[in-house]
Amino acid sequence: MPITLKVNGKSRTVDVPPEMPLLWVLRDELDLKGTKFGCGVSRCGACTVHVNGVAQRTCTMPVSRAAGAEVTTIEGLSPDGAHAVQQAWEELDVPQCGYCQAGQMMAAASLLAKTPNPTDAQIDDALNTNLCRCATYLRIRAAVHRAAEIKAGGAAVPASGKSGKED
Ligand code: FES
Ligand code: FES
């Protein structure tokens, strides 16, 4: 059944069963592989994208529920990697294996859109079911605070000049 949704700003029509999970549509029909499959049962957050601006898990969301909606994946967070969350993640070298990180970043971006300066408790509350096997939780939390600063006008440290691996 043809279903039309807007993905990363472009109208896309897919001819799939209406109960197909949105994650399958993104990865297999639209070739947007940044969004990951983890648990498949809405428990890990690897498959998080924004649907109409709100973080949603797509492994259990039938694509029919996204018909007509605006879907943003990690590929669409910003055209050039300039979103505050992307800058903060790079500045603080957050990922280890990276598998969970697209979901983490989409959850963080959704949190910051409604809570521009979250507390530790608000960050933990919003992200505590986004699981990371590499346990990057402290860096994720620090990066959310840094992204809030960048959004509020704090200059990002250019990638070439950041401290960390180069030190
Ligand atoms: S793959 Fe969707 S929440 Fe784990
Ligand atoms: S960075 Fe490896 S699972 Fe999170």
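The values are calculated or read from the model by the stated rules, or taken from the named source; none is laboratory data. Predicted, not measured: the structure shown is a model, and the values here were computed from it. A quick note on method: Cβ atoms are made from the backbone with ideal geometry, for glycine too, and the neighbour counts reach across all protein chains shown. For the accessible areas, the whole protein counts, side chains as well, though only heavy atoms, and no ligand, DNA or RNA atoms are used. Shrake-Rupley method; radii C 1.70, N 1.55, O 1.52, S 1.80 Å.
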So Gln87, is it surrounded by fewer than 18 Cβ atoms within 10 Å (Cβ to Cβ), among the polar types (S, T, N, Q) and either in a loop (DSSP other than H, G, I, E, B) or more than 11 Å from the chain's Cα centre (by Cα) (or both): no
Counted residues, the range 94-115 - those being surrounded by fewer than 14 Cβ atoms within 10 Å (Cβ to Cβ) and more than 20 Å from Gly76 (Cα to Cα): 1
Residues being among the charged types (D, E, K, R), under 25 Å from Cys39 (Cα atoms) and more than 16 Å from ligand 1 (Cβ to nearest atom) - total across the range 94-136: 2
Output for the range 90-103, where each listed residue is under 9 Å from the mean Cα position of the chain (by Cα) and more than 7 Å from ligand 2 (Cβ to nearest atom): Ala102, Gly103
Test for Ala143: is it on the phi > 0 side of the Ramachandran plot and either without any contact (Cβ under 8 Å) to a residue 60 or more places away in the chain or not acidic (Asp, Glu) (or both): no
Single residue of the range 1-54 satisfying the filter (without any contact (Cβ under 8 Å) to a residue 60 or more places away in the chain, more than 14 Å from Arg65 (Cβ to Cβ) and part of a strand (DSSP E or B)) that is most open to solvent (accessible area, probe 1.4 Å): Lys10
Hey, Glu75 open to solvent by 60 Å² or more (accessible area, probe 1.4 Å), away from ligand 2 (no atom under 16 Å from the Cβ) and within 13 Å of Met105 (Cα to Cα) or not: yes
Among residues of the range 55-72, those that are without any contact (Cβ under 8 Å) to a residue 60 or more places away in the chain and open to solvent by less than 30 Å² (accessible area, probe 1.4 Å), counted: 3
Residue check, Gly34 out of contact with any Leu (no Cβ under 8 Å at 6 or more places or on another chain), within 15 Å of ligand 2 (Cβ to nearest atom) and within 30 Å of Ile150 (Cβ to Cβ): yes
